[in-house]
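Undergrad: Sharing a structure here in structure tokens format.
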Amino acid sequence: MNARVKIENLYKVFAKDPAPALAMLKAGSSKSQVQEALGVVVGVHDLSLSVPAGAMYMVMGLSGSGKSTLARCINRLNEPSAGRILLDGDDICALNEPALREVRRNRISMVFQHFALLPNRRVIENVEFGLKLRGVGAAERRKRAEEVLAVVGLTRWGYHMPHELSGGMRQRVGLARALATDADVLIMDEAFSALDPLIRTEMQDELLRLQRVLKKTILFITHDFQEALKLGTRIAVMSEGKLVREGTPQSIVLEPGSDYVAAFTRDVDRSRLFDARSVMSPLAIVATRDDGTVVGCGAGGDQAGFLVDGEQRVLGRFSVDAMAQARAGVSGLASEADFICVPAETKIVDVACRYRPGQPMGVLDESGRLIGLLDASKILAGIGAGRVSASTGVLHD
Ligand SMILES: Nc1ncnc2c1ncn2[C@@H]1O[C@H](COP(=O)(O)OP(=O)(O)OP(=O)(O)O)[C@@H](O)[C@H]1O
Ligand SMILES: [Mg+2]
């Protein structure tokens, strides 16, 4: 895994002299014990994580868990007390002032919850601001600003003043300003949290769309688990300055690992999170015939199945009865032509809509080959995934 940002054993203690607090933390004390004994606040407590290049990496946790402190340590708006922060292998903590300024201007952009747009400058001048600081010439920065305004859908608003824009549009200006710098790493701290729900959904979709094109490495801070699930390729959960859980959205919902994390996952709509691939039964060959192979799921019993050709493409469906006969060695059974197959990445909610009682559903890979089977029990397992602690072992990360 190619880590663009790597954080190693990071500590942030808000104190003139962090040494006594660090000593206590390293000896096993918690954030609250340190606060009680020394009266200093611990922001980040021995945190390590690795953000792969191109990831949409979500950091989530309750208010005060240390998310913003972590984000601000990455470009040293907060000076780390101990640990290392590597950007493409370079230790940010070791940089001198000019080198740090260079990183902030060219390599890491930040987007905050409330953008400080310059109120008496036009939208386009706000977008250009970072480029101006970098010394980019007037004509070039105007061209670049116009490009990114188009990207965030604000072409017509460049020559308006910020107060003429809605909150959502202003947020887009902030995003445009961050994008204009060409930095590979974007840190977005609660960037959408102040928006009303409809605009927030729009901005999330916009960011997903942009990310498909731009492929930046994004560290996105949120206290909203639904937002983390929707946007994230990975999620890190923080509590009391510590990292308590890290993984893919699906794996965190399946195995929260603690009550703290489980509380976030409780209301998650599993049917929109898990896909056909994650709950399907693998295929097993039931019979080989001249005209193809009869496949069903490995468990045997009362399952229907499919007839496939040599390339695993579905030719027809076998009813439960026909499958039982095929298993018993009866030959010459006819398959039925009406079958339902779904692409492997179809969400369970959409799988459920296509389900017909008594019929198996085939799961197809990107080249149309049959790779698994779904029945009602698998679909229901997907909807309830992770709610019961005893896993049935059918779900894959
Ligand atoms: N400049 C500061 N001086 C002292 N303590 C601070 C400072 N900034 C943050 N803290 C403390 O560090 C801890 C983590 O705060 P932080 O702002 O990182 O939390 P957060 O997870 O971003 O919360 P929120 O969701 O409310 O934004 C808190 O206990 C907070 O009081
Ligand atoms: Mg915060």
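Undergrad: Is there any pair with a first residue in segment 76-103 that is under 25 Å from VAL42 (Cα atoms) and a second that is in a loop (DSSP other than H, G, I, E, B) and at pLDDT 95 or above whose Cβ atoms are under 7 Å apart and which are 6 or more apart or on different chains, and what are they?
TA: Within 7 Å, the pairs are SER81/PRO18; CYS93/PRO80.
Undergrad: Could I ask something else about it? Could you please give the count of residues in segment 58-68 that are of a type in the set (A, V, I, L, M, F, W, C) and either within 9 Å of ligand 2 (Cβ to nearest atom) or in a helix (DSSP H, G or I) (or both)?
TA: Number of matching residues: 0.
Undergrad: On to the next question. Within segment 56-76, track down each residue that is more than 8 Å from ligand 1 (Cβ to nearest atom) and β-branched (Val, Ile, Thr).
TA: The answer is VAL59, ILE74.
Undergrad: While we're on this one: (1) in the same structural domain as PRO256 (by TED's automatic domain parsing); (2) under 20 Å from ALA183 (Cβ atoms); (3) at pLDDT 95 or above: which one isn't true of SER65, the others all being true?
TA: (2)
Undergrad: Now for a separate question. Restricting attention to segment 108-128, does a residue exist that is within 16 Å of ligand 1 (Cβ to nearest atom), within 18 Å of VAL59 (Cα to Cα) and among the polar types (S, T, N, Q)?
TA: Yes, the conditions are met somewhere in segment 108-128.
Undergrad: Additional query: Among the residues of segment 79-126 satisfying the criterion of being within 26 Å of LEU49 (Cα to Cα) and touching a Gly at 6+ places or on another chain (Cβ under 7 Å), which is surrounded by the fewest Cβ atoms within 10 Å (Cβ to Cβ)?
TA: ARG105
Undergrad: Also, quick follow-up: What are the residues in segment 171-210 that are aliphatic (A, V, I, L, M), within 17 Å of the chain's Cα centre (by Cα) and assigned to a loop (DSSP other than H, G, I, E, B), if any?
TA: Within segment 171-210, ALA191 is the sole residue that qualifies.
Undergrad: I'm trying to understand the selection: among the residues of segment 148-170, which are part of a helix (DSSP H, G or I) and modelled with pLDDT of 85 or more?
TA: Answer for segment 148-170, where residues must be part of a helix (DSSP H, G or I) and modelled with pLDDT of 85 or more: VAL148, LEU149, ALA150, THR155, ARG156, TRP157, PRO162, HIS163, GLU164, MET169, ARG170.
Undergrad: Considering ALA71, ALA37, ALA21, which residue is out of contact with any Gly (no Cβ under 7 Å at 6 or more places or on another chain), surrounded by fewer than 17 Cβ atoms within 10 Å (Cβ to Cβ) and not in a strand (DSSP E or B)?
TA: Values: ALA71 fails: surrounded by fewer than 17 Cβ atoms within 10 Å (Cβ to Cβ); ALA21 fails: surrounded by fewer than 17 Cβ atoms within 10 Å (Cβ to Cβ).
Criteria check complete, one pass: ALA37.
Undergrad: Based on what the data block shows, is VAL295 closer than 30 Å to GLN325 by Cα, surrounded by 13 or more Cβ atoms within 10 Å (Cβ to Cβ) and touching a residue at least 60 places away in the same chain (Cβ under 8 Å)? Talk me through it step by step, then tell me what you get.
TA: Values: closer than 30 Å to GLN325 by Cα: yes; surrounded by 13 or more Cβ atoms within 10 Å (Cβ to Cβ): yes; touching a residue at least 60 places away in the same chain (Cβ under 8 Å): yes.
So VAL295 fits the description; yes.
Undergrad: Out of all the residues in segment 133-143, is one or more in the same structural domain as PRO197 (by TED's automatic domain parsing), small (Gly, Ala, Ser), more than 26 Å from the chain's Cα centre (by Cα) and closer than 20 Å to ASP196 by Cα?
TA: no
Undergrad: Further question on the same structure: Checking the condition touching a Lys or Arg at 6+ places or on another chain (Cβ under 9 Å), away from ligand 2 (no atom under 16 Å from the Cβ), outside any loop (DSSP other than H, G, I, E, B) and not assigned by TED's automatic domain parsing to the domain that holds PHE225, which residue from LEU100, LEU86 passes?
TA: The match here is LEU86.
Undergrad: Okay, moving on. Filter segment 43-54 for residues that are of a type outside the set (Val, Ile, Thr) and either buried (at least 23 other Cβ atoms within 10 Å of the Cβ) or part of a strand (DSSP E or B) (or both) and give the result.
TA: Listed by number, the residues that qualify are GLY43, HIS45, ASP46, LEU47, SER48, LEU49, SER50, PRO52.
The values are calculated or read from the model by the stated rules, or taken from the named source; none is laboratory data. Predicted, not measured: the structure shown is a model, and the values here were computed from it. As a convention, Cβ positions derive from the backbone with ideal geometry for all residues, glycine included, and neighbour counts pool all protein chains shown.
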